[in-house]
Structures are given as C-alpha cells and as structure tokens.
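Beneath this line is the structure, given in structure tokens, with notes to follow.
The values are calculated or read from the model by the stated rules, or taken from the named source; none is laboratory data. Just so we're clear, the structure is a prediction, and the values are computed from it rather than from any experiment. Backbone-built Cβ (ideal geometry, glycine too); neighbour counts: all protein chains shown.
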Amino acid sequence: MDIGERIERRRATSPAANLVVEWSALSPVTHVANPVGRGSTLERLLDALDALFSDRLPPNVHLYGPPGAGKSALVSALFSQLGKQLSPGQGTILTTTRAVNQRGFDFVYIDSRRACTPFRLYRSVLDSLTDDHVPERGVGTGVLEEKLETAVRRSNRAVVVAVDHVNEEETLSAEEATALFDDMDESLSVLTVGRARESATRTLEIPAYSTHELVDVITERASRGLRQGVLDHTQVKTLAEWADGDAHDALAALFGAVTLAVDADADRVRDDDLRVAMDAVPSDGVSLGIVLSLPENRRGVLAELLELDADERTTVETSAAAIAAETDLSSGTVTRYLYELAEAGVLERVTTTNGRRSGRKPSRLEPRFPTLAFRALGEN
C-alpha cells in the first residue's frame, strides 16, 4: 500500500466508525496482490520460471515449505501478474536484454483441494482456458484429457499450470499431478506447491517467516483492515512471536480477536481478546482453507458441533444426536460425517474418562482448526 492510499484510508475512516474497515484484508484465506516478506523467494521462483521471458516454456518445478509460509499467497499473486503481463492481449514486453514476447502464455492457478481428482483437475484447467462449456459430469476423465490436449495443441500459446496444496490428505501428490500432463509437455509445464519436498527434478524451498517478517505481514493486513489504533505494536509482536513463523495461524488469531472485540462493542482489540483468539487456534492444526473447502453439509455439521453444550459433546453419539436434532440430517449420517472428519484430522477424538460401560471407552470430538475465525467467516 503506498503513502497516498494510507492517508486516504485514514481520512475516509472517522474515529467513530466501526473497528473494521475491510474484513477480507484480515482473513487468513484471502491472498493479497503483493505478499509481504517473500521478496527473496519471489526472485528464486522467477529464476525457476526465467525461460518465460525468452518466450520459452519453463521446466516443471515443485515449491515446498512449512504451513503458513505464504506459498499460496506468493504463487497466486505471481500468476495473476504474469497473466496480466505475458498473456495474449496484454501487449508485448520490451527490455534492453530480452526479446519481444511473441508466443504468449496462459497461466492457470488451481487449488487442488477443490480439484482433488484427475477429472476435476483436467476440468479446472480446461475451464480456465476456454469460453466453451466444460461438462461437470457425464463424460470420462479420458475425454476431458483429450479435450485439453486438443485445446493446448491448437492454440499458439503455451500453458503454465500451478497446482497448489498437493500431497495433502485428500489431494494428488506432486508426482501424480505432474504426470497427468506428461503428454502435453511440449506446450504445458507444471508448478506444484505443497508442504513436503517431493522427488521432482527441480525443487524450490520456501522457509517459514521470521518473527520480523511476520510482524510486517500482520501490520500490513491490519493497516488495510482495521481503523487506526485498534491494534497496537506490542500486540502485533506478541501475535508474531506466538505464531512462530506461521502466517495462517497469526491471521486466524487476529481475525478471531477482532470478532471478539466487535461482538463486545469495544473500541479496540483488547489483550484478553488476543489471548482467547490465540487459544482458539490449535497448535499444528488444520488450516481454514482445508475446512472451508469441505462440502457444505460437512461444514454445516462442524458449525453445529461448535454450538453444542458440554453435556452434548461427551461422546460422538451424543454430539451426532444433538446435531441431527438441529438439521435435516439423520443421526446416523451425522455420525458418519463426524468420524470421516476425525479421520481427516479436522476433528480429534479424545477418550473420555467418565464412561462406565465396559469395553472401549467413549470419545468426544475436539476441533483441530481455528474455531473463532471459522465461525466468523461462516457468518460473513
């Protein structure tokens, strides 16, 4: 954000206004146009894609790093800018050392949490490349692959596809995602993004944020999303140190703390708000992006689970019965959903100590995701 924009934002926000200027700027699932603190990694990623600036297709590459390191934010922002500057219709790029871009490229960013099968991945890429209707069902994966191959072959443009969040519980591995496009490798290259290093020929590691970098990230988001004076520097530093390099957790806690302050009609984020919000973000938990990509019925079950009283959460069965009473789902269906969510790590089964029946002790379910932010994002 430049100086003029900062001044105008403060002029437009009176002291009597609400705490929040822009909720989306605070959201941990929002990717900003210019990520903070990732300059050196951006340069290394541009080095890996350098062939683009000589009108050549870059080789496949895998970007990896820990949770909350800004991988998705960096890649989505970079592909957005590359699409504006190197895609057809955006003009040519001239420098003193580079040739004019003649061929043109299409840049496609895919979240594999929402395209977790070969069929969905092919469909998502094809849908991004054509204005024609792409069927969602009724055709086989092979048909979509052939349609995509034909579209790429007939075009005079090359395609660079970013496949984000590979190698998670429900997504393809980097190797699987890349192999799906092997027959198109003369005109299409793949950038995979995930947490773990893969056996790719070219890999690029992105480190966790330092505390200083994370302070800058939080400060930038707060300056866009909050009225002046709502969050002080000491609180920002506390949040950055607690998050230990994980921007997702830091922003999830910030989002939760702001919702608490708003609900209490406070004039700023209080230290207690921040403490409660940090407690609502589990250590090594599941990211909100994963939870929000779940089917609507699963998200609804999670939302109902968070509203249950303690005596309704003593076992999986009591929770399922209470949730079923508030929805149009049967108790059996809810029970199945809860066990599936526990298997996926979204919920954790905790053995209860007060069960009196013989055999395996009953268990209750505890959320493994930022609950305050999840609630607020579901309401907004």
*asked:* For segment 136-152, give me each residue that is out of contact with any helix residue (DSSP H, G or I) (no Cβ under 8 Å at 6 or more places or on another chain) and either in a helix (DSSP H, G or I) or not assigned by TED's automatic domain parsing to the domain that holds Phe105 (or both).
replied: Gly142, Val143, Glu146, Thr150
*Thr238 versus (1) in contact with a Pro (Cβ under 9 Å, 6 or more places away or on another chain); (2) more than 28 Å from Lys147 (Cα to Cα); (3) surrounded by fewer than 21 Cβ atoms within 10 Å (Cβ to Cβ): which is the lone unmet condition?*
(1)
*Pair list, Cβ under 8 Å, 6 or more apart: segment 142-168 residue touching a residue at least 60 places away in the same chain (Cβ under 8 Å), other residue in a loop (DSSP other than H, G, I, E, B) and among the β-branched types (Val, Ile, Thr)*: His165/Thr171
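Quick check: is even one residue across segment 192-201 assigned to a strand (DSSP E or B), of a type outside the set (Ser, Thr, Tyr) and more than 26 Å from the chain's Cα centre (by Cα)? Break it down stepwise before answering.
Residues of segment 192-201 that are assigned to a strand (DSSP E or B), as a first pass: 192-194.
Narrowing the set further to residues that are of a type outside the set (Ser, Thr, Tyr) leaves 193-194.
When the remaining residues are screened for being more than 26 Å from the chain's Cα centre (by Cα), the result is none.
Checked segment 192-201: no residue is assigned to a strand (DSSP E or B), of a type outside the set (Ser, Thr, Tyr) and more than 26 Å from the chain's Cα centre (by Cα).
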*For segment 276-333, what are the residues that are farther than 25 Å from Val262 by Cβ, of a type in the set (Gly, Ala, Ser) and surrounded by 18 or more Cβ atoms within 10 Å (Cβ to Cβ)?*
Ser293, Ser319, Ala320, Ala322, Ala324
*Enumerate the pairs (first residue in segment 199-220 and under 12 Å from Glu241 (Cβ atoms); second residue anywhere and exposed (fewer than 15 other Cβ atoms within 10 Å of the Cβ)) with beta-carbon separation below 8 Å, excluding pairs fewer than 6 apart on the same chain, so at least 6 apart or on different chains.*
Thr211/Glu241
*Looking at (1) in the same structural domain as Arg44 (by TED's automatic domain parsing); (2) modelled with pLDDT under 95; (3) surrounded by 16 or more Cβ atoms within 10 Å (Cβ to Cβ), find the lone condition where Arg224 falls short.*
(1)
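A quick yes/no check of all residues on (1) modelled with pLDDT of 95 or more; (2) assigned by TED's automatic domain parsing to the domain that holds Ser72; (3) over 27 Å from Glu168 (Cβ atoms):
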position: His248; (1), (2), (3): yes, no, no
position: Ala252; (1), (2), (3): yes, no, no
position: Asp267; (1), (2), (3): no, no, yes
position: Pro295; (1), (2), (3): no, no, no
position: Gly300; (1), (2), (3): yes, no, no
position: Leu305; (1), (2), (3): yes, no, no
*Only residues that are of a type in the set (D, E, K, R) and free of Cβ contacts under 8 Å to residues at least 24 places away in the same chain: list them for segment 305-319, please.*
Glu307, Asp309, Asp311, Glu312
